[in-house]
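These notes concern the structure reproduced below.
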Amino acid sequence: MQQKVNNSEPMEVEENGIGRYIRMSREARGYSQLDICDGICSVATLSLIEDGKREADYWMVEALLDRMKVDKTECEFLLDDNTFALYELRRTIGLNIQKKECEKAEKNLAVYREKCGEGNLHQQFLLFQEACLERAKSESDKHKKKELFQKAIMVTAPNYKEIFGKKGTLSNLELECLVEIIHCTESSEERESEYEDFYKYFQWNCERDGFFPPAYRIAMQYYAESLYENGKFEDCMQICNEVLEELYGTSKIENRAQIFLLRAKTREGKGIENEEEKKLCLRDNMTAYTVISIYDGKEEAKDLKEYIVENYGWHYIV
């Protein structure tokens with residue numbers, strides 16, 4: 001029995017539909033075959049897939065689309081039972097980590113490890129999710145987290161520093177790994193410098209593709225945090241505003257609460273001199289509180305509620 005997933009906008013069902021779709025997407029975005037397949041498969045293999053002379057493994061297709069920043073939900077895939085089961089398990093693991101259900105995530109990662117086999121892309125998924133799980137823990141091991149993200153990116157991009165330096169093509173997963181590796185740097189000055197390079201990279205990326213990949217949001221949050229730590233409040237405010245403007249164009253919640261909180265802290269860091277500035281700061285804190293209480297739960301929002309009541313005299317939070 002075949003399972004159907006990702007059916008938001010079906011691609012045409014015909015012979016070599018997926019190979020043709022990959023080629024059309026690649027050419028429309030101006031990528032070479034090497035740009036999107038390096039570290040994933042050979043150019044010869046990609047050529048055979050695009051020409052309909054070789055079947056494409058779903059996980060390879062997913063990785064190729066990610067290199068092109070193409071959302072896989074734009075396609076419809078027919079998956080066999082085994083692939084569909086792994087696909088659903090991946091989704092479950094992601095939700096476990098998002099909800100910080102660490103024990104469940106660890107058990108499901110163990111199940112995935114038993115079922116997936118030895119493929120490089122499966123190993124990259126495991127390393128990446130193990131790193132995300134470490135990040136989600138209340139007492140995260142920074143060294144372990146960095147090591148896992150490094151191992152994950154090196155599966156498909158062992159020369160990632162060179163690729164990034166030359167403004168080469170990296171997938172969203174690879175970019176997120178690199179963002180997190182830098183985040184483990186102790187010096188806020190060093191982090192600021194490296195995230196400034198990311199800022200330039202993403203501006204270039206947006207000019208090329210017409211949009212920012214999801215990794216932009218977390219990278220710019222970390223950039224703004226480093227600017228805040230270094231007392232550069234005006235620059236921090238600018239980055240927060242740019243990220244929020246980009247987030248307004250998507251339905252994703254992602255790190256909205258963190259950006260609103262950071263903007264509130266920045267307003268406070270600059271100094272609140274009048275009632276208007278106090279209202280703006282209260283609004284940012286309240287927006288963050290609303291997002292956290294809805295998506296993370298009232299308990300997670302408790303400390304922020306107490307802070308707002310104590311510092312802004314707000315007594316109407318229910």
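Remarks
- Extension gain for R54 to L78 (0.36 nm times residue separation, less C-alpha to C-alpha distance): 7.0 nm.
- Measuring only protein heavy atoms, the 1.4 Å probe finds Y201 accessible over about 10 Å².
- At q = 0.07, 0.08, 0.16 Å⁻¹, base-10 log of I(q)/I(0) for the chain (Debye sum, equal scatterers on each alpha carbon): -0.32, -0.42, -1.48
- Long-range amide H partners of F77 with built H, under 5 Å: V5
- Nearest-ten-degree value, helix 172-183 long axis tilted from longest Cα axis of the chain: 40
- Here the contact order of the range 179-251, divided by its residue count and restricted to Cα pairs under 8 Å and six or more residues apart, works out to 30 percent.
- Cα-only Debye scattering, the range 53-103: base-10 log of I(q)/I(0) at q = 0.14, 0.16, 0.22 Å⁻¹: -0.47, -0.59, -0.96
- Surrounding net charge for L86, when Lys and Arg each add one and Asp and Glu each subtract one, Cβ distance under 13 Å: -2
- The aspartates and glutamates whose alpha-carbon is closer than 12 Å to the alpha-carbon of K166, local same-chain residues fewer than 8 away aside, are D197.
- On Cα atoms only, tilt of 256-270 relative to the major axis of the chain in degrees: 40
- Solvent-accessible area per residue in the chain equals 53 Å², computed with a 1.4 angstrom probe and all protein chains kept.
- Translational diffusion coefficient (Stokes-Einstein; Kirkwood radius from C-alpha pairs) of the range 264-318 at 25 °C, 0.890 mPa s, in µm²/s: 213
- If the segment from L280 to N120 were pulled out straight at 0.36 nm per residue, it would be longer than the present Cα-Cα gap by 52.7 nm.
- Pairwise label distance in nanometres, S42 with D141, each label 7 Å out on the Cα-Cβ vector: 3.9
- Whole-Hz couplings from phi, Karplus 6.51/-1.76/1.60, listed for the range 274-289; x for Gly and Pro: 8, 5, 5, 5, 5, 5, 5, 5, 4, 4, 5, 4, 5, 5, 4, 4
- Angle of helix 81-98 to the longest C-alpha principal axis of the chain, folded into 0 to 90 degrees and rounded to 10: 10°.
- Ratio of Rg to Rh over the range 204-294 (Cα coordinates, Kirkwood Rh, two decimals): 0.99
- Gyration tensor analysis over the Cα atoms of the range 94-188 returns equivalent ellipsoid semi-axes of 23, 18, 10 Å (largest first, whole Å).
- Plainly put, the range 145-190 has a radius of gyration that is 0.97 times its Kirkwood radius, both from alpha-carbon atoms, as the Rg/Rh ratio.
- Taking only protein heavy atoms and a 1.4 Å probe, the accessible area of the chain is 47% carbon and sulfur.
- Ranked from largest to smallest solvent-accessible area, with a 1.4 Å probe on the protein heavy atoms, M237, M68 come out as M237, M68.
- Rg and Dmax [Cα atoms of the range 29-176; Å; Rg one decimal, Dmax integer]: 16.0, 50
The values are calculated or read from the model by the stated rules, or taken from the named source; none is laboratory data. As the structure is a computational prediction, the values presented were derived from the model and not from experiment. Neighbour counts are summed over all protein chains in view; Cβ atoms, including those assigned to glycine, are modelled from backbone coordinates with ideal geometry. Accessible surface areas use protein heavy atoms only, side chains included; no ligands, DNA or RNA. Shrake-Rupley method; radii C 1.70, N 1.55, O 1.52, S 1.80 Å.
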